[in-house]
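Everything below concerns the one structure shown next.
The values are calculated or read from the model by the stated rules, or taken from the named source; none is laboratory data. Worth saying up front: this structure is predicted, and the values here are computed from it rather than measured. Note: ideal-geometry Cβ built from the backbone for every residue, glycine included; neighbour counts use all protein chains shown.
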Amino acid sequence: MTLATFVIQLLNGLAGASSLFLVAAGLSLIFGVTRIVNFAHGSFFMVGIYIAYTLTESFGRGSALGFWASVLAAAVAVGALGFVVEILLLRRIYKAPELFQLLATFGLVLVIKDATLAIWGPEDLLGPRAPGLRGAVSILGRPFPEYDLVLIAIGPLVLGLLWLVLNRTRFGVLVRAATQDRDMVAALGVNQAWLFTGVFALGAALAGLGGALQVPREPAQLFLDITVISDAFVVVVVGGLGSIPGAFLAALLIGEIKALCIGLGDVSFGGFEISFSKLTLVVEFIVMAIVLVVRPWGLLGRPGGEPRHAAATEPPLRPLHGYLKLAAAGLGAALLVLPVATDGYVLVLLIDIFVFALFAVSLHFLMGPGGMVSFGHAAYFGLGAYGAALLVLRAGLPMETTIVLGPLVALAGGLLFGWFVVRLSGVYLAMLTLAFAQIVWSVAFQWDSFTGGSNGLIGLWPPAWLASKSAFYHVTLILCVVAIVALRHLVFAPFGAVLRAGRDSPLRADAIGIDVRRHQWFAFALIGGFAGLAGVLHAFSKGSISPETLAIARSVDGLVMVLLGGVQTLTGPVVGAAVLTWLQDEIARRVEFWRAILGGVIILLVIAFPQGIVGFIRGRFMREVT
Amino acid sequence: MRKLILGLALGAMAATGAAAQEPIKIGELNSYKNFPAFLEPYKKGWQLAVEEANAAGGVLGRKLEVISRDDNGTPGDAVRVAEELLTRENVSLLMGTFASHIGLAVSNLAAQRKVLFVAAEPLTDKIVWDNGNKYTFRLRPSTYMQTAMLVPEAAKSGKKKWAIVYPNYEYGQSATAAFKKLLAEKLPGVEFVVEQAPPLGKIEAGAVVDAIAQAKPDAIFSSLFGPDLAKFVREGNTRGLFKDKVVLNLLAGEPEYLDPLKDETPPGWIVTGYPWEQIATPEHKAFVAAYQKKWSDYPRLGSVVGYATVQSVVAALKKAGAVDTEKMVAAMKGLQLGTPIGQITYRALDHQSTMGAYVGKLALKDGKGVMVDWKFADGKDYLPPDAEVKKLRPAE
């Protein structure tokens, strides 16, 4: 790499970082003030680029003024969208348990995606180049796009403006105050509702601006929401939650590292070839993992004060009441004899539901009693699935053995990653689990000769005695029920009690001699094993697996199931898994725009049951019993 | 009176006939929501073919009915949806799929459940070779075939220093591997000076363009498509990467990927694609006319694929003479039929159809990208020798 290339690649990194910073800054502001993990932030970016495409096609092809006005108008329009979303949807659910708003924004993602498809159609839409900035200038003898130079300037410009707003205006003071202590701000008589609305709209507008500025660089397309949201989260967390300069620094860091990886290309170290260009698949997650391990609050983040109501939010758990236990046993028995009545699709669907129920229950064990939210739970599902598949295909072991060994692979993964994970807390912990999950995913995705690469592995059918649908159904039912019941028992066993104590008050737990961190570590590993069992069963029910079993979407599905059912209940995850799987199956079959309908249903459920479905039932009908 | 009796009798016959003549159900699944740019035209294509088949009296005296499902873009859901089609809808065969890993998962299920599967879109070589099975047949020319169609052009250019850029997953990897192998055979002394493998949909185009420029290649082989292609083209044009270089790009001539480029279309690139507005064979003209009449839109390559998939099923049913899996599988082997873009054969050897593609150069016309100097490359000429294929494919 010559000096000239190095400099140019640095500039490329800067240009790439600009848009990313805008999106991340908005996400960081929103999270800081409202504590909403806004999944729809990528969707705001996407809507921004679509609106800007339409406007620039009409007004921005010829005139620079038209172009820049279009960009700003798109940002304002997305801000207005955020304004409406906050007032109509989010304002209704601030009282819900933490993270629940995530579910609402997940519903939004689905609705916005289908709406975008309906409005702008399926084709990629490449906008015009920016008028007056169409060409390239020569830097050290190499051409560099003029527009990218402008982008490089816009990043610090917006950073400066945000700094002024946050430090020199009353609004900014309130935002900073709310980021540090919401309750105090409310106690001082500030109208929180409008503060939240304002911040959400501003955050959305920043995302929209980030999107709009990309019009001359990339086509508007329907994958942008998902692509952008994970990158934005990484930037926010690496920079430190709520820190705008941190987000800027993190965006630069990641942009530069990516550009340098591409610049380095294939490098051989003592005969050992490393493809840095392939590393770009996962490099931001590697950076995040390293940063979080070294600096648990990100680059410029500060350790957050203990949230005031952390201990009181969750009521103590109660075992199931006698007659509910009977009802559960009755349901189990009915499921057991069901294959007498049907051997058709119902069994196929139920197998999926059982597997996802176990997956969701295991995630809930971490989130609820364990107090550790995982954004990367798919890693253990996938490790179990891949472990079993590889043992069958590469080592020739029978499936029966892998039902034991597959979960052990996942457990080992949990033991390894958990050691790092339990050193963090809150969203940082969640994002570290995501980082590890993405690293595992990228290994499965790229190691063609071993894991089958992006195509995955096929030919994983159960042995003859399990080949019939009803036989496999029975095995899945029994294994999942046994595992779920075992996890329930664990919640009430001393181990579970210790975990809950550690969650509710780490200090007091520590004072009575509990090693909280070690218990969390073991819980993390053990839960990995349970998720792994779900993964093994999934693999053999489908006959094949691919890296999707490890992907973010699977982790998100798990979160959605848990939240939908009710995070503060033990039965919730099962109900959530059943409802989501069934809904998706039913809706997808009946309507073309099924994603929008599914998202709409989720949003309705969120508004109707802000404690989750089971949480609602319990609160409404069974105040005394459960 | 006689007329009345005759009428009643006819009516009764028609009624019983209708009862016995339930439609032949075909299960179709695809990632409609994940790849709408390709799959909406694809759906319109197969819908047209079904309508035409039924207007012509159906097949074996029965109507065709396609039951279509969205597979949500994941193999796990695809398998579940396929099971639903098989068990609840009782379809007689499966068709569809787009992404390679989903195609493979469904093909794997088809072998397990012993049901015919006509894979429409997936390009992976493995679906007919390494992981081929008795029940799976594939329509589109594979990654290998389309790469092989470009290799003669690469050899003709005489360029020795090549840069390669590909999306980092199986399709891009296979295209790259096939290209390097085939070109090295044809053009001894060829050198691959730089390889860039950006993640699918996430190319950092500026950095990739500079990294390629720095290696000073004489020619570039790319298998990018979709948003990655658009970003690469725009950055490359702005930074002057393509000046005086031979550039080959798989798929870039397909309307799905070419049309979004508009005035950014890089002239002179050698691509595989589908110049629909210029193909003047009678069968293609008839297809375009029917398609435009029904949909008031022009066909994309996906439309042809959807149309030809149903055509293949119809031809197989006719040849089999019965809606029976084993007979249909036997009929698919060596099945010949005419599609809008020419005669194809499903090879008995590996179940790959010999569908071809158009190879030509990109040019700018009225601010839009078009293909010029194109010729049709028949798929049958771009497959490896039979002996090699036999070695790749597991014995049945």
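In region A:444-460, is there at least one residue being closer than 20 Å to A:Val404 by Cβ and touching a helix residue (DSSP H, G or I) at 6+ places or on another chain (Cβ under 8 Å)?
Scanning region A:444-460, I find at least one residue that is closer than 20 Å to A:Val404 by Cβ and touching a helix residue (DSSP H, G or I) at 6+ places or on another chain (Cβ under 8 Å), so the answer is yes.
Are there helices (runs of 4 or more DSSP H) fully within region B:68-157 with at least 1 residues that are at pLDDT 95 or above and not hydrophobic (A, V, I, L, M, F, W, C)? List them.
Result: B:100-113, B:143-157.
Kindly indicate which of A:Phe44, A:Phe39, A:Phe21 is outside any helix (DSSP H, G or I), away from chain B (no Cβ under 14 Å) and within 22 Å of the chain's Cα centre (by Cα).
Answer to the check: A:Phe39.
Return the pairs, sorted by first residue and then second, in which the second residue is β-branched (Val, Ile, Thr) and in a loop (DSSP other than H, G, I, E, B), the first residue lies in region B:321-333 and is within 15 Å of B:Val91 (Cα to Cα), the beta carbons are less than 7 Å apart, and the residues are 6+ apart or on different chains.
B:Thr325/B:Val115
What do you reckon, is B:Lys202 among the basic types (Lys, Arg), more than 9 Å from every other protein chain (Cβ to nearest Cβ) and in a loop (DSSP other than H, G, I, E, B)?
no
Yes or no: region A:252-262 includes at least one residue that is in the same structural domain as A:Gly13 (by TED's automatic domain parsing), within 18 Å of A:Asp231 (Cβ to Cβ), modelled with pLDDT under 95 and touching a strand residue (DSSP E or B) at 6+ places or on another chain (Cβ under 7 Å).
Yes, region A:252-262 contains a residue that is in the same structural domain as A:Gly13 (by TED's automatic domain parsing), within 18 Å of A:Asp231 (Cβ to Cβ), modelled with pLDDT under 95 and touching a strand residue (DSSP E or B) at 6+ places or on another chain (Cβ under 7 Å).
Do we have B:Ala363 as closer than 27 Å to B:Ala230 by Cα, under 21 Å from the mean Cα position of the chain (by Cα) and surrounded by 14 or more Cβ atoms within 10 Å (Cβ to Cβ) here?
Considered against the rule, which asks whether it is closer than 27 Å to B:Ala230 by Cα, under 21 Å from the mean Cα position of the chain (by Cα) and surrounded by 14 or more Cβ atoms within 10 Å (Cβ to Cβ), B:Ala363 comes out as no.
Mind counting the residues in region B:290-317 that are exposed (fewer than 14 other Cβ atoms within 10 Å of the Cβ) and either touching a helix residue (DSSP H, G or I) at 6+ places or on another chain (Cβ under 9 Å) or not assigned by TED's automatic domain parsing to the domain that holds B:Glu65 (or both)?
Within region B:290-317, residues that are exposed (fewer than 14 other Cβ atoms within 10 Å of the Cβ) and either touching a helix residue (DSSP H, G or I) at 6+ places or on another chain (Cβ under 9 Å) or not assigned by TED's automatic domain parsing to the domain that holds B:Glu65 (or both) number 2.
Taking the stated definitions as given, is A:Thr56 touching a Gly at 6+ places or on another chain (Cβ under 7 Å), hydroxyl-bearing (Ser, Thr, Tyr) and within 14 Å of chain B (Cβ to nearest Cβ)?
Yes; evaluated as a whole, the condition is true for this residue.
Taking B:Lys285 and the conditions (1) in the same structural domain as B:Lys43 (by TED's automatic domain parsing); (2) surrounded by 14 or more Cβ atoms within 10 Å (Cβ to Cβ); (3) not in a loop (DSSP other than H, G, I, E, B), which numbered condition does it fall short on, given that it satisfies the others?
(2)
A:Val238: part of a helix (DSSP H, G or I), more than 8 Å from every other protein chain (Cβ to nearest Cβ) and not polar (S, T, N, Q), yes or no?
Taking the combined requirement at face value, the residue satisfies it.
If I filter region A:158-193 down to residues being closer than 20 Å to A:Leu27 by Cα and loosely packed, with under 12 Cβ neighbours inside 10 Å, which single residue comes out as modelled with the lowest pLDDT?
Filtering first and then ranking leaves A:Asn167.
Scanning region B:114-169 for residues that are out of contact with any Leu (no Cβ under 8 Å at 6 or more places or on another chain), among the aliphatic types (A, V, I, L, M) and within 13 Å of chain A (Cβ to nearest Cβ), which turns out farthest from B:Asn90 (Cα to Cα)?
B:Ala163
For the structure I just gave you, tell me whether A:Ala389 is within 14 Å of chain B (Cβ to nearest Cβ) and either at negative phi or of a type in the set (Lys, Arg) (or both).
Taking the combined requirement at face value, the residue satisfies it.
Which of the residues spanning region B:254-301 are out of contact with any strand residue (DSSP E or B) (no Cβ under 9 Å at 6 or more places or on another chain), over 30 Å from A:Pro216 (Cα atoms) and without any contact (Cβ under 8 Å) to a residue 60 or more places away in the chain?
B:Ala280, B:Pro282, B:Lys285, B:Ala286, B:Val288, B:Ala289, B:Gln292, B:Lys293, B:Ser296
Does B:Leu109 satisfy the criteria of being out of contact with any His (no Cβ under 7 Å at 6 or more places or on another chain), more than 11 Å from chain A (Cβ to nearest Cβ) and crowded, with 23+ Cβ neighbours inside 10 Å?
no
Just checking: which of the helices (runs of 4 or more DSSP H) contained wholly in region A:389-477 hold 3 or more residues that are free of Cβ contacts under 8 Å to residues at least 40 places away in the same chain and surrounded by fewer than 18 Cβ atoms within 10 Å (Cβ to Cβ)?
Counting at least 3 such residues, we get A:399-421.
Mind telling me which of the residues B:Ala184, B:Ala155, B:Ala213 ends up being surrounded by 19 or more Cβ atoms within 10 Å (Cβ to Cβ), under 19 Å from B:Val246 (Cβ atoms) and among the small types (Gly, Ala, Ser)?
Matching residue, one of B:Ala184, B:Ala155, B:Ala213: B:Ala213.
Take the residues of region A:97-155 that are without any contact (Cβ under 8 Å) to a residue 40 or more places away in the chain and closer than 27 Å to B:Pro41 by Cα: which is farthest from the other protein chains (Cβ to nearest Cβ)?
That would be A:Gly121.
What pairs come out if I take residues in region B:376-396 that are surrounded by 15 or more Cβ atoms within 10 Å (Cβ to Cβ) and pair them with residues that are hydroxyl-bearing (Ser, Thr, Tyr) and assigned to a helix (DSSP H, G or I) whose C-beta lies under 9 Å away, six or more apart or interchain?
So the pair list comes out as B:Tyr382/B:Tyr144; B:Tyr382/B:Thr147; B:Leu383/B:Tyr144; B:Pro384/B:Tyr144.
What are the pairs, 6+ residues apart or on separate chains, where a residue within region A:537-556 that is more than 7 Å from chain B (Cβ to nearest Cβ) has its Cβ under 7 Å from a residue that is β-branched (Val, Ile, Thr) and surrounded by fewer than 24 Cβ atoms within 10 Å (Cβ to Cβ)?
That search, which allows pairs on different chains as well, returns A:Leu550/A:Val440.
Checking B:Val91 against (1) in contact with a Gly (Cβ under 6 Å, 6 or more places away or on another chain); (2) within 19 Å of B:Leu64 (Cβ to Cβ); (3) at the interface with chain A (Cβ under 10 Å from one of its Cβ atoms), which single condition isn't satisfied?
Result: B:Val91 fails condition (3) only.
Can you tell me how many residues in region A:306-334 are in a helix (DSSP H, G or I) and either touching a Leu at 6+ places or on another chain (Cβ under 6 Å) or modelled with pLDDT under 80 (or both)?
Adding up the residues that qualify gives 1.
When region B:213-247 is examined, which residues are found to be among the small types (Gly, Ala, Ser) and within 12 Å of chain A (Cβ to nearest Cβ)?
B:Ala213, B:Ala215, B:Gly226, B:Ala230, B:Gly236, B:Gly240
Looking at region A:422-465, which of the residues that are among the β-branched types (Val, Ile, Thr) and closer than 24 Å to A:Ile527 by Cβ is farthest from the other protein chains (Cβ to nearest Cβ)?
Across region A:422-465, the extreme among qualifying residues is A:Val422.
Only one residue in A:Ile617, A:Ile613, A:Ile607, A:Ile603 is at pLDDT 90 or above and not assigned by TED's automatic domain parsing to the domain that holds A:Leu383. Which one?
Criteria check complete, one pass: A:Ile603.
Filter region A:482-498 for residues that are buried (at least 18 other Cβ atoms within 10 Å of the Cβ) and of a type in the set (A, V, I, L, M) and give the result.
A:Ala483, A:Ile484, A:Leu487, A:Leu490, A:Val491, A:Val498
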